[in-house]
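See structure below.
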Amino acid sequence: MLILSSLAMLLAGCSNAGEDNADAEQKEKTETAAQEEAQEQHDEKKEEQKQQKAAVSKEEELIYKVNEANWTVQAEESEGEEVLLTFDDAPDGNAVNIAEILAENEVPAIFFVNGMFLKDEEGRNALKKIKDMGFAIGNHTTTHASLPDLSEEEQLEELKETDELVKEITGETPAFFRAPFGQNTSFSDEYVKKNGMIKMNWTYGYDFEGEYQEAEALTDITLNTELLTDGANILMHDREWTREALGPIIEGFNEKGYSFIDPQYIEKE
């Protein structure tokens, strides 16, 4: 009888333990489900807040305009000094590396391209890489010709062909236009206006001058010229010495307290 009684108690204990384990498992599942639901709701709320914040930030983003009196790019209200970086004659060997340096430093810029560099696979791939990295593209004509020396028909061909090549490669037409040598004409002005583009020249640039075709000299003059002002529109080119100087130039501007203008917020007139 003692043995049977002990056995009954043992079986009852096992039964209770089994029930306790089942209850514990059910409780754990319920708690896990509740935690997952709470986490999901938290994530959804966080994402909603993120989207709301992004929308507010977008609305509050500074809008810049090009001042054709001195070709600076400025916002009506600004909390600090800024500059715009631009690169002409792309893509001609260094543009992708220049874009990579900019991307590594989270610095926006405009690449003004020539259609003559977009007619082979290498140039087309280079432009696509630059665009895919998020950089703005500008039209710099097809052959870098002096527009005042051309007829209106020839000017149209120079501008339109590059627009079409850029759109074919990137899916978008250029948002900006810069005339070779800064030589705009009444025809190019009308073309730019008709096509909703933003016309640009520059405030200063030195990398096309012989004495500055070396990284250290180019870095020094770019950072220390008396022409450096808030909103400076800085002209550079697709050149080896420019690529070598770019990292130190970015670092130098940061040390001087300058930030970099994002071209996507530049408004056309």
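The values are calculated or read from the model by the stated rules, or taken from the named source; none is laboratory data. Owing to the predicted nature of the structure, the values given are computational and were not obtained by experimental measurement. With ligands, DNA and RNA removed, areas are computed over all heavy atoms of the protein, side chains included. Shrake-Rupley method; radii C 1.70, N 1.55, O 1.52, S 1.80 Å.
Accessible-area rank, largest first, for SER186, SER151, SER146: SER186, SER151, SER146, with all protein chains present and a 1.4 angstrom probe. Show the residues, 5+ positions off or on another chain, whose built amide H is closer than 5 Å to the amide H of ALA136. Amide H to amide H, under 5 Å and 5 or more residues apart or across chains, ALA136 pairs with ALA109, PHE111.
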